[in-house]
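See structure below.
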Ligand code: BT5
């Protein structure tokens, strides 16, 4: 991967500018600085390796060289206030659509931000918003996708099982083709993020539907219930053991499937 081949691979997409790094701390941090300096809409930061890749709540995201996609796209939203969860979901949905196009694989979204293949995490998305006063200036959508087995972190780093595309597909995958497919899906769907069609597409990809799951939100007790779907606000609906349907807001939450025989 180098800047010339990237520019060629992405030539037919309306990407404004590309910054490529053989190795960098975090593409989201670079994109945040660039956004603050006035980066154009659809500017892209991409790296071959991240030495300080970030997940939510400053967790680490593992990106060794030559094995993964790690990139951040700067978006200037049209609304002055916006719902970051929709943009997070846009990243996850775009990865699912890219995987279908390039590898013929059907991925699911572990609400709110993980992409799963065969119930294992293959990609993570981190969306960050940047404000000027109370006006939303930019959103950075950071996406990390495991392509080769060496991209999968050691077990002690994981809080959920992980995998990579090539292990599931059984053949090699072109990083630039996958990048193109993900960006293309993201650009196509961006103008629909507030529509029912988008919500339906997001809903149709939800992992663990009808299964019993446990959701833990920061600062509150965990809730166990049967995973139903998303409501019109993008909140997750669970039916608890008592039959009550509860909605859970995205944010700093963790979702785990639980053994249904215990319920
Ligand atoms: C995420 O956070 O899943 C969001 C990851 C976003 C990474 C991209 S890469 C490009 C851009 N630049 C950045 O610096 N970040 C974005 P979270 O849901 O908090 O999950 C983090 C957890 O996933 C870690 O605590 C590990 O347990 C696990 N993990 C770390 N690296 C992984 C990997 N490569 N594959 C699967 N799981 C991983």
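No value in this document is a laboratory result; all are computed from the given coordinates. The model shown is predicted, which means the values in this text are computed figures rather than measured ones. Because the Cβ atoms are built from the backbone with ideal geometry, glycine has one as well, and the counts that use them run over all protein chains shown.
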Residue hits (segment 134-156; within 8 Å of the ligand (Cβ to nearest atom) and not in a strand (DSSP E or B)) are 151, 152, 153
Within the bounds of segment 63-70, is there any residue that is within 11 Å of the ligand (Cβ to nearest atom) and either out of contact with any strand residue (DSSP E or B) (no Cβ under 9 Å at 6 or more places or on another chain) or not in a strand (DSSP E or B) (or both)? yes
Having 1 or more residues that are touching a residue at least 12 places away in the same chain (Cβ under 8 Å) and within 20 Å of residue 196 (Cα to Cα) is the bar; report the strands (runs of 3 or more DSSP E) wholly within segment 215-263 that clear it. 223-230, 236-239, 245-248
